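The values are calculated or read from the model by the stated rules, or taken from the named source; none is laboratory data. Computed from a prediction, not measured in an experiment: that's the story for all the values here. All Cβ positions, even for glycine, are placed from backbone atoms using ideal geometry, and neighbour counts span all protein chains on display. Note: accessible area is taken over every heavy atom of the protein model, side chains too, but ligands, DNA and RNA are not part of it. Shrake-Rupley method; radii C 1.70, N 1.55, O 1.52, S 1.80 Å.
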Amino acid sequence: MASYPLSVVVLAAGEGKRMHSDLPKVLHPIAGQPMLGRVLDAAQALAPSAIHVVHGHAGETVKAAFADAPVNWVYQAEQLGTGHAVMQALAQVPDGHQVLVLCADVPLISAQTLRDLVEAAGEGVSLLSVCLAEPRGYGRMLRDADGAVMGIVEEKDATDTQRQINEVNTGVMCLPAKPLRRWLSDLDTTNAQGEYYLTDCIAQARRASVGVQSLVCDDPWEVQGVNDRLQLAAVERACQRRQAETLMREHGLGIADPSRFDLRGTLSVGRDCFIEPNVIIEGTVSLGDRVTIGPSTRLLDTHISSDTAVLGHCEILDTHVGAGCQIGPFARLRPGTVLADKAKVGNFVETKKAQIGSRSKVNHLSYIGDAEVGEDVNVGAGTITCNYDGQAKHLTKIGNGVFIGSNTALVAPVVVGDGATIGAGTTIRDNVPSDTLAVTDGRARQIPGWQRPHNE
């Protein structure tokens with residue numbers, strides 16, 4: 001990159017009326033991260049001297065969402081155009097700096113593209129354009145017979161001939177601070193929108209014989225702005241496709257359908273992992289080797305070790321899963337769950353703050369919460385740990401080799417010793433010693449020849 005000091009100005013003051021939302025537009029997420037956050041990440045990768053974020057509508061909400069971000073907040077009381085927005089920030093930018101202008105609603109811009117743009121500017125001006133098959137709504141790039149940039153005309157001010165141009169302005173540009181002050185002071189609002197256009201500075205730079213370089217972006221999605229829910233969804237899909245392709249090409253992840261893949265955080269994978277459609281990955285997730293994730297599963301802040309199979313329709317949150325486990329289908333592992341190697345949690349099982357030992361099985365229709373389960377334990381269908389007394393949670397401890405029959409209630413705090421057996425339908429309120437059978441004494445009565453009543 002060039003050696004000129006760099007200040008970044010991010011335009012984030014728009015109201016976003018077309019989103020029809022109480023949430024400020026720049027806080028709407030792409031792949032789980034607010035759009036403004038993605039733009040700030042790209043800017044910070046350039047190690048600028050400062051980042052100035054121009055805010056207006058719902059500014060306090062935006063600032064609160066980025067309270068720890070290393071940025072300078074600049075208030076724009078009235079939204080009078082892009083030129084006016086940059087004016088608000090420029091008072092805090094030294095004359096010797098280059099000013100990189102970014103848009104907070106263009107969330108897929110890459111740090112490499114920004115590096116190339118700053119390098120192209122040198123001590124002059126550079127701007128980023130893109131060629132679109134359907135350029136409606138964008139300012140058009142004006143070039144002379146030699147292909148040099150002459151200026152930018154906004155669509156509402158363009159002639160019919162100019163509207164036929166398919167090279168458009170992205171709003172991303174780099175300009176030298178000192179002359180930019182003069183150019184901004186000379187702007188007026190004699191245009192179709194009655195605003196101060198930052199784009200008018202390009203023609204002023206040409207008149208001042210300041211070099212204007214252009215960089216054409218190869219990927220239209222990288223510079224796609226978001227103004228409504230439809231565009232938000234389209235950019236989301238483009239981002240997810242990009243993430244899926246990176247994981248497949250660079251890390252060998254198998255993805256059944258990249259168009260139905262959602263990564264809203266970070267994912268690290270071992271060899272020969274495979275993900276079925278409609279899986280949602282949030283937070284920080286890691287997979288060992290040969291892990292398979294079934295369809296319509298959600299993973300959040302979870303590690304899954306090698307050779308584990310997660311079947312479909314599971315939710316696994318803040319959980320550590322050992323090697324060779326099987327989970328699901330339709331299992332819910334809540335925060336604090338730890339599965340040791342070769343443990344099994346089957347269909348319609350919920351766990352919470354539960355440690356399940358090696359080779360232990362909770363196969364179906366059970367709730368295991370606030371529990372320590374030893375090795376080689378069989379938990380029958382319909383078993384629950386009654387961990388909450390209305391005021392506090394209590395711990396259930398189950399030793400190694402325990403067999404728990406179906407429809408058992410373990411009323412915590414309670415300890416079941418190694419090798420104990422709990423008969424089906426038993427309610428355990430007291431500790432069970434090792435190698436002991438615990439059963440409920442009550443037996444069912446049988447009445448031979450009894451007839452059900454019939455309606456007349």
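I want the local charge near ASP307. Using Cβ-Cβ distances under 15 Å, sum +1 for each Lys or Arg and -1 for each Asp or Glu among the other residues. Local charge sum for ASP307: +2. Taking all protein chains together, ASP262, ASP200, ASP22, ASP418 sort by accessible area into ASP22, ASP418, ASP200, ASP262, largest first [probe 1.4 Å].
With +1 on each Lys and Arg Cβ and -1 on each Asp and Glu Cβ, and nothing else charged, work out how big the dipole of the range 130-266 is about its Cα centre, in Debye to the nearest 20.
280
Rg and Dmax, both from the Cα atoms of the chain and both in Å, are 30.9, 108. Looking at the range 372-456, the accessible area is 66 square angstrom per residue; that uses a 1.4 Å probe and ignores ligands, DNA and RNA. In the range 128-194, the C-alpha radius of gyration followed by the widest Cα-Cα span (Dmax) gives 13.0, 37 angstrom.
With Rh defined as the Kirkwood radius, the inverse of the mean 1/r over Cα pairs, the Rg/Rh of the range 82-226 is 0.93. Among beta bridges identified by DSSP and lying wholly in the range 349-404, the antiparallel ones come to about 5 percent. Estimated from helices alone, the mean residue ellipticity of the chain at 222 nm is -5000 deg cm²/dmol (sum of -39500 (n - 2.57) over DSSP H runs with n ≥ 4, per residue). Each of HIS394, HIS84, HIS454 has its accessible area taken with a 1.4 Å probe; listed largest first, they run HIS454, HIS394, HIS84. Treating each Cα of the range 353-456 as one equal point scatterer and applying the Debye formula with no solvent, the log10 of I(q)/I(0) at q = 0.12, 0.16, 0.18, 0.22 Å⁻¹ comes out as -0.42, -0.64, -0.77, -1.11.
Express in whole angstrom the spacing between the alpha-carbon centres of the range 354-393 and the range 94-159. About 60 Å separates the Cα centre of the range 354-393 from the one of the range 94-159.
At a probe radius of 1.4 angstrom, the accessible area of the range 252-336 per residue rounds to 38 square angstrom. In the distance distribution for the range 233-313, Cα-Cα pairs more than 16 Å apart total 44 percent.
Listed values for the range 237-243 are Karplus-derived 3J(HN,Hα) couplings in whole Hz (6.51 cos²θ - 1.76 cosθ + 1.60, θ = phi - 60°), namely 5, 5, 5, 5, 4, 4, 5, and x replaces Gly and Pro.
Couplings 3J(HN,Hα) for the range 405-418, derived from phi with the Karplus relation 6.51 cos²θ - 1.76 cosθ + 1.60 (θ = phi - 60°), are x, 5, 6, 9, 10, 9, 8, 6, x, 7, 10, 10, x, 4 Hz, where x marks Gly and Pro. Expressed as a whole percent, the accessible area of the chain that falls on carbon and sulfur atoms is 48 (1.4 Å probe). A simple packing score, the average count of other Cβ atoms within 10 Å per residue, orders the peptides 107-120, 4-17 as 4-17, 107-120, with the highest score first.
Considering only DSSP beta bridges with both partners in the range 1-69, what is the antiparallel share in %, to the nearest 5?
25
Is the range 14-100 rounded, prolate or oblate when judged by the Cα gyration tensor, a ≥ b ≥ c being the square roots of its eigenvalues, rounded requiring a/c under 1.5 and prolate requiring a/b larger than b/c? Verdict is oblate for the range 14-100. The accessible area of CYS103, taken with all protein chains in place and a 1.4 Å probe, comes to roughly 30 Å².
Counting only the Cα atoms, the range 265-306 fills a convex hull of 50 Å³ per residue. Of the cross-linked pairs LYS353/LYS393; LYS353/LYS397; LYS63/LYS178; LYS361/LYS397; LYS25/LYS156; LYS361/LYS393, those separated by over 18 Å at the C-alpha level are LYS63/LYS178; LYS25/LYS156; LYS361/LYS393.
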